[in-house]
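The values are calculated or read from the model by the stated rules, or taken from the named source; none is laboratory data. Just so it is clear, the structure is predicted and the values come from calculations on it, not from any experiment. Counting neighbours? That spans all protein chains shown, and the Cβs are built from the backbone with ideal geometry, glycine included.
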Amino acid sequence: MISQKIEGNLKKSSWIRAMFEEGEKLRKKYGSKNVFDFSIGNPEIEPPRAVLDKIIEAASDKANGKHRYMSNAGYDYTREKLAGYINSTKGSNLTKSHVVMTCGAAGGLNAILKTILNPGDEVIVFSPYFVEYLFYIDNHGGNPVILPADTSTFQPEPDIVKNYINKKTKAVIINNPNNPTGVIYSEETMQKLAKVLEIKEKEYGNTIFVLSDEPYDRIIYDGAFVPSVFNIFKNSMIVNSFSKSLALPGERIGYVAVNDKIDNSQLLLNGLVFCNRTLGFVNAPAFMQRIVADTLHEAVDIESYREKRNILYNHLVGLGFDCIKPKGAFYLFPKTPMEDDILFCKRAQEYNLLLVPGKGFGCPGHVRLAYCISMETIKNSLPAFEKLAKALR
């Protein structure tokens, strides 16, 4: 009935969605307040008030033509504002022509990969990774090359990266801050990686693109910062969305920004615009382009996320879990006290705790907890974690 490839992918598909569906069953059985669902990064908080006000204002605008097609790259007005914002925060020198509005970061990544990949080209992905990356690469004839994690830091290891690069290497995907660990890749690590890529580009005479997926770049804690890839990697692109920074995941609005230092960048941008259209996205949602253009400096309440992180992290560590304290995003990625992380998640379900096994992120022996849920749920879950830890001692 369906293609063998898709049938196979369904069997490998997201553990995140699988756990979310399991949660639906538990909620029907025990009630929502008695189920502690940490499975999906779907922000519980509402968008900032300024964003909601702008939505009301835009919806009340009776001017004609507001919902028609525009350039497949997006409104000039939005792209110009966004280029200025990126320049002020990333130290770049972009114009509107370096920005393409997309249907979320996922739409942006697919447009990039469609544009740059030839069949059989390789894309380096650091474990643990956002699970959909492998499917996106496969969508466009590429082959993912997964680099093992250093679970003591979860930082990429440039000295290991060089052993995986060959003449087929076309891109490296960086997710910073990282989903699922919340780790921020340091500037020192990025600089070392840049030197490795520069050497390998000269060795093979190829361009190796760095694709920086940054939907959590506004959700950072404790004075941390996300290094600008534009200042480190010449052949870099930023993929971002407003799903997390403005709590708008269902609105599917994002962008691709292309480093102005890339040689022949206009050809690359023409390809992105073409693929944005022919992949079926056509253009980013017109309504949301108008909203984000005037709310670029708004952000969700980071303090609420910090408080949730601290409560959950301190509790788990106090129970004996081994976990790196995240500096960004809204996930914890503790090591499981038993080798089989899938079995651990099944044991957790006995206490109505829904966690996602690290195997799904290419890093078994860990689990991901998304703490973008309500504070009430987090606090109510603490006794369940205590019971789970006691049962596994």
Legend entry - Test for L316: is it over 26 Å from T102 (Cβ atoms), out of contact with any Ser or Thr (no Cβ under 8 Å at 6 or more places or on another chain) and buried (at least 18 other Cβ atoms within 10 Å of the Cβ): yes
Legend entry - Qualifying residue in segment 322-337 (condition: out of contact with any strand residue (DSSP E or B) (no Cβ under 9 Å at 6 or more places or on another chain) and under 26 Å from Y30 (Cβ atoms)): yes
Legend entry - Qualifying position, being outside any loop (DSSP other than H, G, I, E, B) and not aliphatic (A, V, I, L, M), among C323, C345: C345
Legend entry - Count of segment 256-310 residues which are over 30 Å from L369 (Cα atoms), of a type outside the set (S, T, Y) and assigned to a helix (DSSP H, G or I): 18
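Residue by residue, here is whether (1) without any contact (Cβ under 8 Å) to a residue 40 or more places away in the chain; (2) outside the structural domain of L248 (by TED's automatic domain parsing) holds:
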position	(1), (2)
L267	yes, no
V273	no, no
R277	no, no
K308	no, yes
L316	no, yes
L319	no, yes
K327	no, yes
Legend entry - Criterion (of a type in the set (S, T, Y), at pLDDT 95 or above, assigned to a helix (DSSP H, G or I) and not assigned by TED's automatic domain parsing to the domain that holds S39) met by exactly one of T207, T181, T189: T189
Inset, instruction - Give just the number: which of (1) touching a residue at least 60 places away in the same chain (Cβ under 8 Å); (2) buried (at least 17 other Cβ atoms within 10 Å of the Cβ); (3) touching a Ser or Thr at 6+ places or on another chain (Cβ under 9 Å) does P227 not satisfy? - result: (1)
Inset, instruction - For segment 55-174, please list each of the helices (runs of 4 or more DSSP H) lying entirely inside it that holds at least 3 residues being among the polar types (S, T, N, Q) and not assigned by TED's automatic domain parsing to the domain that holds K327. - result: 76-90
Legend entry - Complete set of residues in segment 1-41 that are at pLDDT 70 or above and in contact with a helix residue (DSSP H, G or I) (Cβ under 6 Å, 6 or more places away or on another chain): V35, F36, D37, S39, I40
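In the list T189, T207, which residue meets the criterion of being within 28 Å of F333 (Cα to Cα) and surrounded by fewer than 23 Cβ atoms within 10 Å (Cβ to Cβ)?
T189
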Inset, instruction - Kindly list, by first and then second residue, each pair from a residue in segment 29-51 that is more than 22 Å from V131 (Cβ to Cβ) to a residue that is of a type in the set (D, E, K, R) and surrounded by 19 or more Cβ atoms within 10 Å (Cβ to Cβ), limited to pairs with Cβ atoms under 7 Å and residues at least 6 apart or on different chains. - result: none
